[in-house]
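Q: Just passing along the structure, written as structure tokens.
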Amino acid sequence: KLARESGIPVHFLTQLYFDLSPAPIVAITGTNGKTTVTSCLYHILKNSSIPCLMGGNDRHHAQVLNQLDSLPSDGVLVLEVSNRQLLELHTGPSISVLTCIQADHVDEHGSFVDYLNTKLKLIKLTGTDGWAILNRDDPYFINALESASCNIATFGAGLPEEIEQSGISNGQLSHHGQSGVMAIVGKDELQIPGDHNRMNCLAAATAAIKLGVPINVIREGLKSFEAVRHRLQLVAEVKGSRFYDDIASTNPDATVAALNSMRQKVILI
């Protein structure tokens with residue numbers, strides 16, 4: 001507070017990433033799914049020829065701010081961005097991804113509208129020559145669409161009927177590009193369960209397509225991607241019973257999505 005009152009700029013971690021990155025940034029936010037999408041995209045990129053780093057709101061790896069000098073200009077910085085970090089952000093990414101908007105953190109923001117507008121800030125900050133990747137099944141999709149002044153690509157559970165849509169077609173996660181619909185990977189080939197995780201994988205795949213990653217590389221990345229720690233993470237199987245760690249589902253919508261992804265009887269602890 002004293003620094004600001006004295007006219008001294010105060011930049012938090014996320015803004016420093018935007019200020020110092022020599023490479024384009026893909027920023028992912030949303031009420032749920034942002035950690036999985038961020039980790040999945042980073043996993044895909046690591047299997048490609050594109051140099052990449054991951055940081056931001058990630059809680060299980062060291063931050064990479066001190067490694068940015070090693071990232072070439074043709075690389076990619078993948079950032080998970082929380083609602084709190086968005087409050088301080090004043091620079092936009094090359095590609096923004098909005099997973100979903102659900103009622104959360106309302107006590108911090110004062111109202112749901114204020115929380116919604118904080119999330120939409122990432123879309124508004126995305127440059128006109130950039131891309132916003134939006135969930136067309138989300139109840140606030142129109143709000144996100146109206147916030148964007150950049151190129152739009154979408155993902156959702158339905159068929160990818162229009163160009164720049166990703167969806168599910170004939171049991172395949174697919175993308176509708178300039179040359180038509182191309183299959184990415186079979187939905188049953190994914191290691192992470194649930195419809196919500198199929199959407200997370202579609203979001204990551206769409207971002208990878210916009211970064212120029214070949215479809216075969218995206219396919220292998222999605223097939224080998226495993227659950228992120230504390231997010232429907234299979235930790236043990238004892239006498240036929242599987243134990244999943246899902247303690248990161250800290251709001252009802254996340255827990256409901258996890259329960260709906262189970263195909264057998266569930267005991268919720």
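The values are calculated or read from the model by the stated rules, or taken from the named source; none is laboratory data. All figures in this text were calculated on a predicted structure; none of them were measured in a lab. Cβ atoms come from the backbone with ideal geometry, glycine included; neighbour counts cover every protein chain shown. With ligands, DNA and RNA removed, areas are computed over all heavy atoms of the protein, side chains included. Shrake-Rupley method; radii C 1.70, N 1.55, O 1.52, S 1.80 Å.
Q: How high is the relative contact order of the range 136-225? Use alpha-carbon pairs under 8 Å, at least six apart in sequence, and give a whole percent.
A: The normalised contact order for the range 136-225 reaches 20 percent.
Q: Compare ILE44, ILE123, ILE152 in a GNM of the chain, Cα atoms joined below 10 Å, and give the one with the largest fluctuation.
A: Fluctuation is largest for ILE152.
Q: Among (i) 63, 47, 37; (ii) 131, 30, 23; (iii) 54, 43, 33, which one is Cα extents along the principal axes in Å computed from these coordinates?
A: Matching the structure shown: (i).
Q: Per residue of the chain, what 222 nm ellipticity follows from adding -39500 (n - 2.57) for every DSSP H run with n ≥ 4, rounded to the nearest 500?
A: Values: 10 runs with 91 residues, N = 269.
Dividing the helical sum by the residues of the chain leaves -9500 deg cm²/dmol.
Q: Can I ask one more? How big is the gap, in Å, between the Cα center of the range 208-269 and the Cα center of the range 121-179?
A: So the two Cα centres are separated by 23 Å.
Q: I've got another one for you. Toward the positive end of the charge dipole of the chain, about the Cα centre and with charges on Cβ (Lys, Arg +1; Asp, Glu -1), which of THR29, MET54, PRO9 goes farthest?
A: MET54
Q: Would you please classify the overall shape of the range 80-220 from the alpha carbon gyration tensor, given that a ≥ b ≥ c denote the square roots of the eigenvalues, rounded means a/c under 1.5, and beyond that prolate means a/b larger than b/c while oblate covers the rest?
A: It comes out prolate by the Cα gyration axes.
Q: Check which residues have an amide H placed less than 5 Å from VAL185's amide H, if you skip close sequence neighbours.
A: LEU173
Q: Which net charge results for the neighbourhood of LEU79, defined as the other residues with beta-carbon distances under 13 angstrom from its beta-carbon, given Lys and Arg at +1 and Asp and Glu at -1?
A: -2
Q: Same structure again: Which shape class applies to the range 158-269: rounded if a/c is under 1.5, otherwise prolate when a/b exceeds b/c and oblate if not, where a ≥ b ≥ c are the square roots of the Cα gyration tensor eigenvalues?
A: prolate
Q: Local charge sum around PRO22 (other residues, Cβ-Cβ under 13 Å, Lys/Arg +1, Asp/Glu -1)? Intermediate values should be presented prior to the final figure.
A: Values: positive: none; negative: ASP19, ASP69, ASP74.
In short, -3.
Q: Here's a follow-up. Let me know the charge dipole size of the range 112-269 about its Cα centre in debye, to the nearest 20, where only the beta-carbon of Lys, Arg (+1) and Asp, Glu (-1) is charged.
A: 400 debye
Q: Here is a follow-up. If we sort 221-229, 209-217 on the protection proxy, mean other Cβ atoms within 10 Å, highest first, what's the order?
A: Highest-to-lowest ranking by the protection proxy: 221-229, 209-217.
Q: As a quick test, which of the pairs LYS46/LYS223; LYS34/LYS124; LYS46/LYS265; LYS1/LYS34; LYS46/LYS187; LYS239/LYS265 have an alpha carbon distance above 25 angstrom in this structure?
A: LYS46/LYS265; LYS1/LYS34
Q: How far apart, in nanometres, would the label points at VAL266 and ASP137 be if each is projected 7 angstrom from Cα along the Cα-to-Cβ direction?
A: Output for this residue pair reads 1.5 nm.
Q: If you don't mind, another one. How much accessible area does CYS201 have with a 1.4 Å probe, in Å² rounded to the nearest 10?
A: Accessible area, nearest 10 Å²: 0 Å².
Q: Still on this structure, I have one more. Need one number: % antiparallel among DSSP beta bridges in the range 132-269, to the nearest 5.
A: Around 75 percent antiparallel, to the nearest 5.
Q: Nearest-5 percent of antiparallel DSSP beta bridges in the chain?
A: 40 percent
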